[in-house]
Every structure is written in structure tokens, then in C-alpha cells.
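Novice: Quick one: the structure is below, and I'll ask about it shortly.
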Amino acid sequence: MTTRMESHICSAAPIYEKPLERPVGIRPRDIAFDIDGVVADTMQVFVDLARTRYGLTHLRKDHLICYNLYQCVPAPAHVIDDLICLTLDDDHTLRVPAMEGAAEVLTRLAGYGPLRFVTARIWPESIVRWLEGLLPEVPAGSIQVTATGDPEVKHRVLKEMGVRYFVEDRLETCRLLAQRGFVPILFDQPWNQEGASFPRIYSWSELNDLLAWED
Ligand SMILES: [Mg+2]
């Protein structure tokens, strides 16, 4: 989800030149997660709203090939502004579908320690409630959400958490994390197809296979 102009994301320039090896055997305590675009299929709500509120009936999620929605959605900026605000408001946040398999893997992970989420949202309350609804077997105290308000400072939070791996859908955030020694795991989405340098996963079951599940 973008709320700012990020024209450089769609440029032809390489995002990060040195490919990172695919991690295996990730310990549960070493990983944290972005929420929108990774756990929550937030952009599906954006597309649904675009279709119903603004008659963009041909729009599909796979048309969102760029993180900067202003560059890939065929609508005036004020319409896109409105759609972003609607998508992120409390009512619509609570109605966001989850990515398939996310709840199962996260519930299992919670058996090893608190779940850590870092979001660039400014106001985390509604997405925290959404997570609590998604993960009814996980105690609320084991769902830790840090809202940075800015994707570019996620690395500070991750450093404090002491985690090494971060599952993220925004390419620029992956690049910044890699530069600081973290291992970003890119969750495949239509808007991050240029990120060949990062380990990419296509599903939560694939992530499940990268984790070291100790008995
Ligand atoms: Mg995201």
C-alpha cells in the first residue's frame, strides 16, 4: 500500500545488485512480518472499492504492477487518494481478506514466542484488531505490532527486536533492509516483480517450509 509518490520504484534501475541466498532453517524468534500485502490482502479491498465506488470494473489486482498506485491505476489522483483512505479506514481494514495460509503458519509460530509485526501504517489499532480476529487462538499479548508511519525506518525497529529476517512486499523496503544487513524475504505480489535480488516466496506454505520447526 502506498500513500506517497514513489516514482523511482517503477524505474528500470536495479533495486539491489547482489542477489541474496535463499534462507533455510529460519528460527521462529529470528523473523518478523510486514502486514499489508503479506498477511492481509489489503489491495484486494482497494480493487473492490475501485470497482464498486468508482466504476473501474476492469481493474484487477494483477493490474497493480507498481507500488505507486498513481502510476498504474487509470484514475485521477483524487480518486486514488479517496480509495487509499477508504481502504485503510477502520471499517474496511476489518474486512480485509487474509492471505491464504497466513493464519495457520502464524498460529503455529505463536507457539514459539510472540509474533512480531512492523507496519508503516500510522494508526495500528484497526489492523491489530484485525490480527486478533485472524488469530483467535493466539493470546492478544503475543501479537506485537509496531507502527512506524514510515517504511524507511523499519530497520530501526527490527534491530531493536533482534530479528534477522523480515517478510515484506515493498521492494524499496527490502533494498533498505538488505543494505543494513537484514535478510528481506519478498512476498510475491504484482507490484514487486522487479525484485530478482531478494529471496521470493509465493505463499505462506512456502514460508512454512523455510522455518525451523523445533519440537
Ligand atoms: Mg506491505
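The values are calculated or read from the model by the stated rules, or taken from the named source; none is laboratory data. All values derive from a computational prediction rather than experimental measurement. Glycine gets a Cβ as well: all are built from the backbone with ideal geometry, and neighbour counts include every protein chain shown. Each accessible area value is taken on the protein alone, full model and side chains, heavy atoms only, with ligands, DNA and RNA left out. Shrake-Rupley method; radii C 1.70, N 1.55, O 1.52, S 1.80 Å.
Novice: Across segment 50-95, which residue is modelled with the lowest pLDDT among those that are in a helix (DSSP H, G or I) and in contact with a His (Cβ under 9 Å, 6 or more places away or on another chain)?
Specialist: 72
Novice: Related question: Return yes or no: is residue 106 open to solvent by less than 40 Å² (accessible area, probe 1.4 Å), within 16 Å of residue 167 (Cα to Cα) and of a type outside the set (S, T, N, Q)?
Specialist: Yes; evaluated as a whole, the condition is true for this residue.
Novice: What is the number of the single condition among (1) at pLDDT 95 or above; (2) in contact with a Gly (Cβ under 8 Å, 6 or more places away or on another chain) that residue 27 does not meet?
Specialist: Only one criterion in (1) at pLDDT 95 or above; (2) in contact with a Gly (Cβ under 8 Å, 6 or more places away or on another chain) is unmet by residue 27, namely (2).
Novice: Picking from 125, 172, 100, which residue would you name as being open to solvent by 40 Å² or more (accessible area, probe 1.4 Å) and farther than 19 Å from residue 205 by Cα?
Specialist: 125
Novice: When only residues in segment 128-144 that are assigned to a helix (DSSP H, G or I) and touching a residue at least 24 places away in the same chain (Cβ under 8 Å) count, which is most open to solvent (accessible area, probe 1.4 Å)?
Specialist: Checking each candidate, the answer is 129.
Novice: What is the residue count in segment 136-171 for residues that are within 13 Å of the ligand (Cβ to nearest atom) and of a type in the set (Lys, Arg)?
Specialist: The total comes to 2.
Novice: Please go through segment 145-169 and pick out each residue that is buried (at least 16 other Cβ atoms within 10 Å of the Cβ) and either touching a Pro at 6+ places or on another chain (Cβ under 9 Å) or not in a helix (DSSP H, G or I) (or both).
Specialist: Matches in segment 145-169: 145, 146, 147, 148, 163, 164, 165, 166, 167, 168, 169.
Novice: Between residues in segment 74-97 that are over 20 Å from residue 123 (Cα atoms) and residues that are open to solvent by 20 Å² or more (accessible area, probe 1.4 Å) and outside any helix (DSSP H, G or I), which pairs lie under 7 Å by C-beta distance while being six or more apart or on different chains?
Specialist: 75/56
Novice: Check 130, 123 and return the single one that is aromatic (Phe, Trp, Tyr) and under 14 Å from residue 39 (Cβ atoms).
Specialist: When all the criteria are applied, what remains is 130.
Novice: Here is a further query. Would you please list the contacts, defined by Cβ atoms under 7 Å and residues six or more apart or on different chains, that run from a residue in segment 36-48 that is touching a residue at least 60 places away in the same chain (Cβ under 8 Å) and closer than 10 Å to residue 84 by Cα to a residue that is part of a helix (DSSP H, G or I) and more than 8 Å from the ligand (Cβ to nearest atom)?
Specialist: Every condition considered, the pairs that remain are 43/61.
Novice: Let me ask something else about it. Of the residues that sit in segment 51-62 and are within 21 Å of residue 192 (Cα to Cα) and in contact (Cβ under 8 Å) with a residue 24 or more places away in the chain, which one is least open to solvent (accessible area, probe 1.4 Å)?
Specialist: 61
Novice: Further question on the same structure: Take segment 180-189 and flag every residue that is open to solvent by 30 Å² or more (accessible area, probe 1.4 Å) and either over 16 Å from the mean Cα position of the chain (by Cα) or touching a residue at least 60 places away in the same chain (Cβ under 8 Å) (or both).
Specialist: Across segment 180-189, the qualifying residues are 180, 181.
Novice: Please enumerate the residues belonging to segment 19-69 that are among the charged types (D, E, K, R), away from the ligand (no atom under 16 Å from the Cβ) and in contact with a strand residue (DSSP E or B) (Cβ under 6 Å, 6 or more places away or on another chain).
Specialist: Of everything in segment 19-69, just one residue is among the charged types (D, E, K, R), away from the ligand (no atom under 16 Å from the Cβ) and in contact with a strand residue (DSSP E or B) (Cβ under 6 Å, 6 or more places away or on another chain), namely 30.
Novice: Related question: Out of everything in segment 172-197 that is closer than 14 Å to residue 67 by Cβ and part of a loop (DSSP other than H, G, I, E, B), what residue ends up being nearest to the ligand (Cβ to nearest atom)?
Specialist: 189
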